[in-house]
Structure formats: structure tokens, C-alpha cells
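So the structure is just underneath, and the comments pick up after that.
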Amino acid sequence: MTIAFVSDNVYPSIGGQGVSAERFIERLTECGHRVVVFTTRTHWRLGREERSPLLSVYRCFGMVVPGTRRRMRLALPFVGSLIRILRREGVDVVHLNVSTTFLGASVVSAAKLLGIPTLAYVHTQADNLTREFGLLHQPVVVQLFNSAQNAFLWLPDAVVAPTAFAAALL
């Protein structure tokens, strides 16, 4: 199976969500699945990068998130480019590991236009995420993040909450 894995936060990972995503990707390839990762670019890489015969990483143009000490970027992809990549790679399913970003919404839109099923995995805790970056750790930012996450979760075909704690975030 070819799985598109979407995360703004991998290679390099930032915090627990990124580490978890990279471990998930590693396990999928160990099981023999082909994984096509969509992520943001680092300041010096852009485009496709083949990490192994079962793992390709597509880096999309991204912007630095203010207040993150230049550590976090959010991808701003073109849906037309995503459609071409999903089609060319023969993606069978899209797995969203990050749910509240433009990248996630764009890949879901592209997948739906192609009839590819989509799945979101919910585990991001806004309070922990914003604490990591200092300036963004304000109650209003946490509340906005939680609202955006809940609104976004209506887009994919299915949502997985791996724990009772994660389910309570919905």
C-alpha cells in the first residue's frame, strides 16, 4: 500500500509530535508500505528527497511561524501540485498526522478530488505545543488552536483518537 503521510513537523522533527510521526513512518516502511511524506521545507531544502526505496519526502514551500525562534515552519502548498504528486505516486490513502495546518487541509482537498480516502490522527495538545515556543504560549492562542483543530476534523473521512485523552480533545 502507498500511504501519503502529512506533517509539517518531520525531518527534522520538533517535539513529541514530530518524533512520534517519524517513528510511525519508520514502522509503516518496516511493514513493507511505501510512504510518501508531505512536509514543509527547511531553509535549505525544497522539492523531492528519496530516503529509501519505500520512503519519499516532498518538501513544500513554507513560512516561519512567528515566535518559534525559527524552529517551526508551516507549508503553503499548491493543490494542483499535490494532485499531480498523489497521482504520480499512486497513493492509496492519506494519513494526516497534523490536523490544523494549511498543508493538511490542502492535501485533504487534493485527495478528495482524486477519490483517495483520508484519515486524521489526533494527538496534538495545543498547550504543550505552544509552551515549546514561549511567545505563542498564551491562552488565546491555545483556544484558537483547539477551535481550528476541531473545525478541521470535519474534513477527513475518518478520525483516530488513540487514547481517551486524545478523544477528549475533540
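The values are calculated or read from the model by the stated rules, or taken from the named source; none is laboratory data. Nothing here was measured: the structure is a model prediction, and the numbers come from that model. Here Cβ is always computed from backbone atoms with ideal geometry, including for glycine, and neighbour counts include all displayed protein chains. Side chains are part of the model used for accessible areas, which takes the heavy atoms of the whole protein and leaves out ligands, DNA and RNA. Shrake-Rupley method; radii C 1.70, N 1.55, O 1.52, S 1.80 Å.
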Margin query: If I go through segment 54-68 residue by residue, how many of them are assigned to a strand (DSSP E or B) and either at pLDDT below 85 or under 15 Å from N9 (Cβ atoms) (or both)?
Written below: 7
Margin query: Any residue at all in segment 35-46 that's at pLDDT below 80 and open to solvent by less than 20 Å² (accessible area, probe 1.4 Å)?
Written below: no
Note to self: Based on this model, can you work out whether G134 counts as at pLDDT below 90 and either out of contact with any helix residue (DSSP H, G or I) (no Cβ under 8 Å at 6 or more places or on another chain) or closer than 22 Å to V19 by Cα (or both)?
What the structure shows: yes
Notebook entry, point to check: Does segment 69-87 hold any residues that are modelled with pLDDT of 90 or more and among the charged types (D, E, K, R), and which are they?
Noted result: R84, R87
